[in-house]
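Take a look at the structure set out below.
The values are calculated or read from the model by the stated rules, or taken from the named source; none is laboratory data. Everything numeric here is computed off the predicted structure, so don't read it as measured data. Neighbour counts run over all protein chains shown; Cβ positions are idealised from the backbone, glycine included. Surface areas here come from the heavy atoms of the whole protein model, side chains and all, with no ligands, DNA or RNA. Shrake-Rupley method; radii C 1.70, N 1.55, O 1.52, S 1.80 Å.
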Amino acid sequence: MPCVKIYVCSKLARKLDEELDIWLREAGLNKSPDIRAVIAPHAGYSYSGRCAAYAFGNIDPTNISRVFLLGPSHHYYTPKCALTRATVYSTPIGDLPVDQEVIEELSATGKFEFMDLSVDEAEHSMEMHLPYLAKVFQGTTVKVVPILVGALSSQSEAMYGQLLSKYVDDPKNFFSVSSDFCHWGSRFSYTYYDKKHGAIHKSIEALDHMGMEIIETGDPDAFKQYCRSTRTPFVDATPSVFSFIC
C-alpha cells in the first residue's frame with residue numbers, strides 16, 4: 001500500500017501534538033460550518049505554525065468527509081496538476097486516507113498526471129498542512145485529495161479551476177490551499193518597500209493584505225494584475241486556481 005509518511009520520533013510527535021493544541025487554543029476561534037476553505041502557509045512551523053492556527057481553527061469537521069489539499073510544487077517541474085499515487089498520508093498526529101474514488105475521477109479527465117512517491121514525500125507545501133488536518137479531523141472518517149499544482153498557464157489555471165468547481169457545490173467537501181504569499185528578502189530577489197506604510201514589516205503586511213482582499217473578491221484577473229503591478233513573488237498558482245474554483 002503506497003504511503004506518504006512524515007517521519008519524526010515519538011518525543012517530537014508528542015511535542016508537535018501539544019504545540020498544535022496550544023496554537024489552536026490560543027487562536028480562540030469559533031468553529032463554523034460556513035467555512036468551506038482556508039488558505040494557510042507552508043513555512044516551517046517555527047515560522048508559521050502559530051499563524052496557521054488562525055486558518056485551521058475555524059474548521060468545523062462535523063459534516064466534512066473530504067478535504068481537497070492543493071499545494072504548489074517547489075522541486076518538481078510540471079505544467080500540469082499532479083495527483084498522488086499514495087493511498088494514505090501518515091502523520092505524527094494520525095493517518096489520513098486518500099479518496100481513491102475522486103483521484104480516479106480526476107485522472108479520468110486526462111488533465112492530470114501522477115507524481116512519484118519521492119516527489120510527494122519531498123514536497124513541503126502539502127506536508128505542512130497534513131498535521132493540522134489530522135488534528136482538526138481527529139476521530140472522523142475524513143479522506144484527502146492531494147493535488148500538486150505545477151507551473152500553470154493562465155488558461156490551465158482556469159481549466160483546473162473549472163474541473164474542481166463542481167466539488168465546491170458539495171457541502172461535505174473542504175479545500176485546504178497552501179500558499180506562503182509574499183516571499184520578501186534578498187534571497188528571493190524581492191525587497192519591495194512602500195515608505196508610506198512606515199517600517200519595512202508594515203509595508204510587507206500591507207502588500208499581503210492587499211493580496212488577501214483581492215483573493216476574497218474571487219476575481220482571478222484582478223489577482224494577476226496585483227502580482228504584476230507589485231511584482232510580488234508568489235511562488236505558486238494555488239491562489240489563482242482557487243479563485244477560479246470559487
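Note on the stretch 93-116: residues that are under 17 Å from PHE56 (Cα atoms) and outside any strand (DSSP E or B) amount to 2.
Residues of the stretch 175-231 that are touching a residue at least 40 places away in the same chain (Cβ under 8 Å) and either among the basic types (Lys, Arg) or part of a strand (DSSP E or B) (or both): PHE175, SER176, VAL177, SER178, TYR190, LYS224, ARG231. Only one of the numbered conditions (1) in a loop (DSSP other than H, G, I, E, B); (2) within 27 Å of LYS15 (Cα to Cα) is violated by ALA55, and that is (1). Remark: pairs (first residue in the stretch 156-172, within 20 Å of SER65 (Cβ to Cβ) and at pLDDT below 90; second residue among the hydrophobic types (A, V, I, L, M, F, W, C) and surrounded by 17 or more Cβ atoms within 10 Å (Cβ to Cβ); Cβ separation under 7 Å; 6+ apart in sequence or on different chains) are absent.
Can you name the residue in the stretch 117-155 that is of a type in the set (Ser, Thr, Tyr) and part of a helix (DSSP H, G or I) and, of all such residues, is modelled with the lowest pLDDT? Let's see the steps before the verdict.
Keep residues of the stretch 117-155 that are of a type in the set (Ser, Thr, Tyr), which gives 118, 125, 132, 140-141, 153-154.
Right, trim to part of a helix (DSSP H, G or I) and you get 118, 125, 132, 154.
Working: SER118: 92, SER125: 91, TYR132: 96, SER154: 82.
So, considering only residues that are of a type in the set (Ser, Thr, Tyr) and part of a helix (DSSP H, G or I), the one modelled with the lowest pLDDT is SER154.
When restricted to residues that are at pLDDT below 95, of a type in the set (Gly, Ala, Ser) and either open to solvent by less than 80 Å² (accessible area, probe 1.4 Å) or closer than 19 Å to TYR226 by Cα (or both), the stretch 177-204 contains 5.
Results for (1) at pLDDT 95 or above; (2) small (Gly, Ala, Ser); (3) in contact with a Gly (Cβ under 9 Å, 6 or more places away or on another chain), shown as yes or no for each residue.
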residue	(1), (2), (3)
VAL8	no, no, no
LEU12	no, no, no
GLY44	no, yes, no
THR78	no, no, yes
